[in-house]
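Readers should treat all values here as calculations from the given coordinates under stated rules, not as data from a laboratory. Nothing here was measured: the structure is a model prediction, and the numbers come from that model. Counting neighbours? That spans all protein chains shown, and the Cβs are built from the backbone with ideal geometry, glycine included.
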Amino acid sequence: MRENIILGIETSCDETSAAVVADGKKIMSNIIASQIPVHRKFGGVVPEIASRKHVELISSVIGEALEEAGVTFQDISAVAVTYGPGLVGALLVGVSSAKALAYSLELPLVGVNHIESHIYANFLANPALRFPLICLVVSGGHTDLVYLEGHGKFSLVGRTRDDAAGEAFDKVARAMGLGYPGGPLIDRLAVDGDPKAVAFPRAYLEGDSLDFSFSGLKSSALNYLNKAVMKGDDINKADLAASFQQAIVDVLVDKALAAAVRVDVKTILLAGGVASNSRLRKELDVKAANRGIRIVYPPPVLCTDNAAMVACAGYYKYIRGEVAPLSLNAVAGLKLGADRY
């Protein structure tokens, strides 16, 4: 039987990526052109610059993905592309490129939700996963708890009400003078710090809520820094990083485990850029094992934005016949499960 070979395209933020994946599980190529060096001097992603860099890179990245995979456009079964959520200008570059390819090659076009693709990074690493599942999606723009009943059957059981965990990491890291992106820098610095050194708050919200809130914690960390500067006090950055990180991790772990218990699920998936955080992985592994719950997470390269996860998610939509029209447009605020085509 002929393989279903999906060309995936991802341009939702500051990575220009294209990948070729066979049958939703075999990564034939996964090319990622990161813009981190470009945006680092600004302390974060500048949307207009990101869009222009995508325009410069997209054609060469797609060509490199095909070459590394050893395939031509004639071998492709469908083109899958992230069409939201994300930076609208950046998304439009990927969507326009995918539509052009689908039209000119007479191939099916599949629109993929960015959050959904992060979840499917787990199926690339563990194709034999069985439903039902809970997934904790933690990135710069999203902190969500998602219940997965089956392929394409999602329900949101928890979400952030303000700042995402990754956003809080980035803003506090910038205030600490660490640079961008902040999450990995705080993670590395925290290894040498005391997670109990600074008593930061944990926002658990209402008693039974599975939602998140990190704006108060972020403000608390910024206030701590400002007060120290005003008083001329020395700051132990390792202790600050460890304490701040622990405050985030405690809430993420407790809510993820609570969600799994509530819906009686024995496997929790971890997805998104913050899924690479070493403290988060360690705490989840230990606390979940005590409750007989399995923790699954992708390798770091599949945690950050990449097109292999888009191609994987696109494959499952393609075999369900969920093909998008050529009128597909970028949707910056696209919600999970709210496909608009």
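Out of (i) 1.04; (ii) 0.98; (iii) 1.14, which label holds the value of Rg/Rh (Cα atoms, Kirkwood Rh) that was computed here?
(ii)
I'd like the chymotrypsin sites (Phe, Trp or Tyr not before Pro) in region 56-161 restricted to DSSP loop residues with at most 13 other Cβ atoms within 10 Å, sorted by number.
Answer by residue number: there is no such site.
Which of rounded, prolate or oblate describes region 228-311 when judged by the alpha-carbon gyration tensor and an a/c cut-off of 1.5?
Note, shape of region 228-311 comes out oblate.
When a/c reaches 1.5 or more, the comparison of a/b and b/c decides; with that in mind, is region 1-158 rounded, prolate or oblate per its Cα gyration tensor?
oblate
Given a 10 angstrom Cα cut-off, can you work out which residue in 321, 158, 193 is the most mobile in a GNM of the chain?
Comparing 321, 158, 193 in the GNM, the peak value goes to 321.
Can you list which of the trypsin sites (Lys or Arg not before Pro) found in region 131-209 are DSSP loop residues with at most 11 other C-beta atoms within 10 Å?
Listed in order of number, the matching sites are 196.
Taking the DSSP beta bridges in region 131-298 as the whole, what percent of them are antiparallel, to the nearest 5?
The answer is about 60 percent antiparallel.
I need the helices of the chain that pass two filters: whole DSSP H segments spanning 27 Å or more by Cα along the axis, and mean Kyte-Doolittle score no lower than -0.5.
47-69, 237-262
Can you tell me how region 131-298 classifies by the Cα gyration tensor, rounded, prolate or oblate, using a/c under 1.5 as the rounded cut?
Taking the square roots of the gyration eigenvalues as a ≥ b ≥ c, region 131-298 is prolate.
By counting other Cβ atoms within 10 Å of each Cβ, how are 72, 82 ranked from fewest to most?
72, 82
List the residues, sorted by chain then number, that are 5 or more residues from residue 159 or on another chain and whose placed amide H is less than 5 Å from its amide H.
Correct list: 145, 211, 212.
Sort 284, 57, 222 so that the residue with the fewest other Cβ atoms within 10 Å of its own Cβ comes first and the one with the most comes last.
Lowest count first: 222, 57, 284.
Setting aside same-chain residues fewer than 8 positions from residue 335, which aspartates and glutamates have a Cα under 13 Å from its Cα?
Partners within reach: 116, 144.
Tell me the net charge near residue 173. Cut-off is 14 Å between Cβ atoms, residue 173 excluded, with +1 for each Lys or Arg and -1 for each Asp or Glu.
That sum, taken over residues with Cβ under 14 Å, equals +2.
Over the chain, what is the relative contact order in whole percent, taking alpha-carbon pairs under 8 Å and six or more residues apart?
Value for the chain: 25 percent.
Within region 162-179, whose backbone N sits under 17 Å from a point 7 Å along Cα→Cβ of residue 215?
162-172
What is the order of 41, 53, fewest Cβ neighbours within 10 Å to most?
Lowest count first: 41, 53.
Would you check region 205-323 for Lys pairs whose C-alpha atoms are within less than 15 Å, ignoring same-chain pairs closer than 8 in sequence, and give me the count?
So the count of such lysine pairs works out to 5.
Could you give the longest part of the chain that holds none of the GluC sites (Glu not before Pro) found in DSSP loops with at most 15 neighbouring Cβ atoms within 10 Å?
207-341
Cut-off 10 angstrom, C-alpha nodes, Gaussian network model of the chain. Which of 259, 128, 203 fluctuates the most?
Comparing 259, 128, 203 in a Gaussian network model of the chain, the most mobile one is 128.
Among DSSP bridges having both ends in the chain, what percentage is antiparallel? Round to the nearest 5.
Beta bridges within the chain, antiparallel portion: roughly 60 percent.
Measure off 7 Å from each Cα along the Cα-to-Cβ vector at residue 197 and residue 73, then give the distance between these two points in nanometres to one decimal.
5.6
With a 10 Å cut-off between alpha carbons and a GNM built on the chain, which of 37, 195, 132 moves the most?
The residue with the greatest mean-square fluctuation here is 37.
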